[in-house]
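To start, the structure under review is shown below, and the notes come after it.
The values are calculated or read from the model by the stated rules, or taken from the named source; none is laboratory data. Source: prediction; values computed, not measured. Backbone-built Cβ (ideal geometry, glycine too); neighbour counts: all protein chains shown. To get the accessible areas, we keep the full protein, side chains included, count just its heavy atoms, and leave off ligands, DNA and RNA. Shrake-Rupley method; radii C 1.70, N 1.55, O 1.52, S 1.80 Å.
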Amino acid sequence: MIQNIFLIGFMGVGKSTVARFLRDHYRMSLVEMDEQIESQEGRTISQIFAESGEEYFRSLETKLLLTLAQEKSTVVSCGGGVPMRPENVAAMRQSGKIVYLCAAPEEIYMRVKNSHTRPLLEGHMSVDYIENLMKKRLPKYLEAADITVATDRKSVQEICTEILASVS
Ligand code: S3P
């Protein structure tokens, strides 16, 4: 049995794509944290941020992670801010491996520039902004990660093979 895999990393790095591939090809269950929170709340992430604030959203993430720690053979596509809270990292570490997916800010920008689902990037859509936020978050991503996998110029198959070779 494959243990739980928590995919962490910046918005747009490809966590959801990798998570779906692991579900489809390696018989893992999939939890997409943002989707689960949206369906629990009956509101989009943007609405939650606008109506209830970021801290409220962060507490929903923590609550969800604590319940996910009971799962087995599950790949969890985490929201980009999840590793910023030490209690989230502890919950992930307790029940699986933490995989940090990374990519260059230019690559991230290309992937997210036309999207309007991420409140933290709304009105700040530039390579510079992404690079600065990424730099601020990097120490927490690296501290949390059991393994780091660069996604630039790799196929999703290559990324998943790399992940599974390290976690199983
Ligand atoms: C966030 C990332 C988003 C979502 C929310 C906040 C972040 O998820 O959870 O907009 O703080 O980086 P994705 O990383 O799946 O885009």
Dipole of the chain [Lys/Arg +1, Asp/Glu -1 at C-beta], most positive-end residue of T17, L68, M28 | M28
Taking the Cα centre of the chain as origin, sum charge times position over the Cβ atoms of Lys and Arg (+1) and Asp and Glu (-1), and report the length of that vector in debye to the nearest 20.
-> 340
Return the long-range amide H neighbours of I8 (sequence gap of 5 or more, or a different chain), with a cut-off of under 5 Å between placed amide H atoms.
-> V99, Y100, L101
Taking the alpha-carbon centroid of each part, what is the distance from segment 1-66 to segment 93-168 in angstrom?
-> 14
Kirkwood Rh, Cα Rg: Rg to Rh for segment 19-83?
-> 1.01
Within the set of other residues whose C-beta is less than 13 Å from the C-beta of M28, count the net charge using Lys and Arg as +1 and Asp and Glu as -1.
-> +2
Give the share of C-alpha pairs in each 10 angstrom bin for the chain, from 0 to the last occupied bin, in whole percents, shortest bins first.
-> 10, 41, 39, 10, 0
Roll a 1.4 angstrom probe over the protein heavy atoms and tell me the percent of accessible area of segment 38-161 that is carbon or sulfur.
-> 52
Of the cross-linked pairs K72/K135; K72/K136; K15/K113; K72/K154; K63/K135; K97/K140, which ones have a Cα-Cα span greater than 25 Å in the structure shown?
-> K72/K135; K72/K136; K72/K154; K63/K135
Q40 neighbourhood, Cβ < 14 Å, K/R = +1, D/E = -1, net charge -4
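What is the local net charge at E122, summed over the other residues whose Cβ is closer than 14 Å to its Cβ (Lys, Arg +1; Asp, Glu -1)?
+1
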